[in-house]
Amino acid sequence: MADDERSDEAQGEAGPPPLPPPPGAPAAPPQPAPAQWTPAPLKRRRTWLVVLLTIVGLMIIVAVAGGVLFVTRTLPPYNGAHDFMEALVDGSRREAVSRLCARDREDPDQAFQTVLRNIAGRGEVEVTVNPFGVSRDGDRATVDYTVSSDDDETHELVVVEEDGDWKACPST
């Protein structure tokens, strides 16, 4: 039986509660109070991390969507206007005519004059096409360009989509 008692103690099983001391015997020292239970701390530290990561994730999604919209909706009309204006300012008539819409290719001199009157008589100028000045409506768009010399003037150039390419149509 001694072996059975030892095996019970080794397994951590509690036996019967101890008997009180006999009358007249000195009292046993008081047992220490059991440790008080404290609740686990709130996981508030992780809450801000989840909120922050959610916000950053949403910002990335918005940035990617904005980039896709810019590349697919804004960049093609901008490129058409930029290529036309660059050819016109550089004096490359053949290149400029190839960048005109079908309607303006019939009378390219009239189309060129429509744009050149905004540039002529200003001395040395710099023409800048604004990628953020594109307003597109289907297969037609207006693109802002700025003529800079002593002062800056902003004008609009109409571009249209023809056979998948964006062509300047200044007389429109």
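The values are calculated or read from the model by the stated rules, or taken from the named source; none is laboratory data. None of the values given here were measured: they were computed from a predicted structure. Note that we place each Cβ from the backbone using ideal geometry, even for glycine, and neighbour counts take in every protein chain shown. Side chains included, ligands, DNA and RNA excluded: accessible areas come from the protein's heavy atoms. Shrake-Rupley method; radii C 1.70, N 1.55, O 1.52, S 1.80 Å.
At-a-glance table
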| read-out | value |
| --- | --- |
| Residue 99 over 37 Å from the mean Cα position of the chain (by Cα), modelled with pLDDT of 90 or more and not aromatic (Phe, Trp, Tyr) | no |
| Close pairs from region 151-172: first closer than 12 Å to residue 140 by Cα and β-branched (Val, Ile, Thr), partner assigned to a loop (DSSP other than H, G, I, E, B) and open to solvent by 30 Å² or more (accessible area, probe 1.4 Å), Cβ under 9 Å, at least 6 apart | 158/171; 158/172; 160/139; 160/172 |
| Evaluation of residue 141 against (1) surrounded by 15 or more Cβ atoms within 10 Å (Cβ to Cβ); (2) outside any strand (DSSP E or B); (3) touching a helix residue (DSSP H, G or I) at 6+ places or on another chain (Cβ under 6 Å) (one fails), failing number | (2) |
| Conditions (1) assigned to a helix (DSSP H, G or I); (2) touching a Lys or Arg at 6+ places or on another chain (Cβ under 7 Å); (3) under 19 Å from residue 70 (Cα atoms); (4) open to solvent by less than 30 Å² (accessible area, probe 1.4 Å): number failed by residue 159 | (1) |
| Selection within region 39-57 - at pLDDT 75 or above and open to solvent by less than 100 Å² (accessible area, probe 1.4 Å) | 47, 49, 50, 51, 52, 54, 55, 56, 57 |
| Sole residue being surrounded by 10 or more Cβ atoms within 10 Å (Cβ to Cβ) and either out of contact with any helix residue (DSSP H, G or I) (no Cβ under 6 Å at 6 or more places or on another chain) or modelled with pLDDT under 75 (or both), chosen from 24, 67, 91, 15 | 67 |
| Test: residue in region 121-138 that is more than 27 Å from residue 72 (Cβ to Cβ) and touching a Gly at 6+ places or on another chain (Cβ under 8 Å) | no |
| Number of the exception - residue 138 against (1) modelled with pLDDT of 95 or more; (2) on the phi > 0 side of the Ramachandran plot; (3) of a type in the set (Gly, Ala, Ser) | (1) |
| Residues of region 98-133 that turn out to be of a type in the set (Gly, Ala, Ser) and either touching a Leu at 6+ places or on another chain (Cβ under 8 Å) or open to solvent by less than 20 Å² (accessible area, probe 1.4 Å) (or both), as a count | 2 |
